[in-house]
Amino acid sequence: MIHELRDLDGLRAACGDDDLIVWTAQDLRGPARAWAGGNAVVAAAPDIARHDRLAVWGDPRDAVTLVGHALAELGPTYRPLGERELMRQVIAMLEGLRDSAEFTWMSLAATPGTAPGTAPSTVPPSEVGWLDGDAEPEITALLAGDAPSSYAVPGASGVRRWAGVRVGDELAAVAADAWSAPSVGLLAGVATAARFRGRGLAERVCGWMSSQLVATHGRAALMVDDVNTAAIKVYERIGYRRLPVLACHVAAPAVT
């Protein structure tokens, strides 16, 4: 039997506090919704990380029922995503779904014993910090030149604030707090100017930003392409754990 989840505590209990589900649900604020049925949960929110997203968790057969129900309620713009093998089984059982992309979801929990509202003790060097609005043209130029595929850009919906590090007067590396949920902060928009690569600047910025997100939200997460092994190693050194993810889409009806 399918039932809609109305509060964060119920959602967490239903999915074992899975961070991809909790992030996608955005604490069930605004237009976000979630459903449970059998041993599965789905959570949906529009326009987070540039897509209408539908996160999937649990038993594949129960998940198929929930995904079908959610898509009927929400429409075909929503992109189901979840642990890779789970989604392969869902796609095989649910007509009309097609593979879109494989990537890695990574998450970082608070260190045991860290008090709420405080950053972990391993905060990186003090030269990393928040950037003010006057830095937006510099951020835009850095991303355009060295990370043109970044989903997070200054001024985009859901992109809240930027951190960075300078070498002299020049902005060398940045990262964004973007599409964060109250219970899961999201790290995005990571980029280093090409001439400053190899100095560990991105790791400093990501470490600092991650500590801020964990202090504010209780945990942090990010999405990264599987082929970006260098970035994955950086995130693993910071303490993130990996989840291979598959996203899919509703195929357009065939034209006859």
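The values are calculated or read from the model by the stated rules, or taken from the named source; none is laboratory data. All figures in this text were calculated on a predicted structure; none of them were measured in a lab. Note: ideal-geometry Cβ built from the backbone for every residue, glycine included; neighbour counts use all protein chains shown. The protein model used for the area step is the full one, side chains on, heavy atoms only, and it has no ligands, DNA or RNA in it. Shrake-Rupley method; radii C 1.70, N 1.55, O 1.52, S 1.80 Å.
General remarks:
- Proximity of backbone amide H atoms, modeled 1.01 Å from N, is registered between ALA172 and VAL165, ARG166, VAL167 at under 5 Å, excluding neighbours fewer than 5 places apart on the same chain.
- Nearest-ten-degree value, helix 84-93 long axis tilted from longest Cα axis of the chain: 30
- Ligands, DNA and RNA aside, TRP35 has an accessible area near 10 Å² when probed at 1.4 Å.
- Region 176-256 - charge dipole about Cα centre, Lys and Arg +1 at Cβ, Asp and Glu -1, debye rounded to 20: 320
- Among ILE238, ILE139, the order of accessible area from largest down is ILE238, ILE139, computed with a 1.4 Å probe on protein heavy atoms.
- Put a dot 7 Å past the Cα of ASP226, heading toward its Cβ, do the same for ALA251, and the two dots end up 2.1 nm apart.
- Dipole of the chain, positive end: most advanced residue of GLY38, VAL224, GLY185 [Cβ charges, Cα centre]: VAL224
- Spin-label model distance (nm) - ASP59 vs SER100, 7 Å beyond Cα toward Cβ: 2.7
- The magnitude of the dipole of region 119-256, with charges of +1 and -1 set on the Cβ of Lys/Arg and Asp/Glu and taken from the Cα centre, is near 500 debye.
- Per-residue [θ]222 nm for the chain (sum of -39500 (n - 2.57) over DSSP H runs n ≥ 4, rounded to 500): -9500 deg cm²/dmol
- GNM top mover of ASP169, ASP59, ASP146 - the chain, alpha-carbon springs below 10 Å: ASP169
- Solvent exposure of the chain as accessible area per residue, Å², 1.4 Å probe: 46
- Amide H contacts of ARG161 (H built 1.01 Å from N, under 5 Å, at least 5 apart or other chain): ASP177
- Taking a point 7 Å from the Cα of MET93 along the Cα-to-Cβ direction, the residues of region 55-80 with backbone N closer than 11 Å to it are 58-68.
- Between helix 201-217 and the chain: long-axis angle, C-alpha atoms, 0 to 90°, nearest 10: 60
- Helix 229-238 axis, angle to the chain major axis (alpha carbon atoms, nearest 10°): 80
- Modelled spin-label separation between ALA109 and GLU73, with each label point placed 7 Å from Cα along the Cα-to-Cβ direction: 2.8 nm.
- Rg then Dmax, both in Å and based on the Cα atoms of region 153-256: 16.0, 62.
- Charge dipole magnitude, Cβ of K and R +1, D and E -1 - the chain, Cα centre, debye nearest 20: 320
- Comparing LEU71, LEU11, LEU108 in a Gaussian network model of the chain, where Cα atoms under 10 Å apart are tied by springs, the biggest mean-square fluctuation is seen for LEU71.
- Measuring nothing but protein heavy atoms, the accessible surface of the chain at 1.4 Å probe radius is 50 percent carbon and sulfur.
- Counting heavy atoms of the protein chains alone, HIS69 has an accessible area of about 60 Å² for a 1.4 Å probe.
- Residue with peak Gaussian network fluctuation, the chain [Cα springs, cutoff 10 Å], from ALA175, ALA230, ALA220: ALA230
- Rounded if a/c under 1.5, otherwise prolate or oblate - region 1-109, Cα gyration tensor axes: rounded
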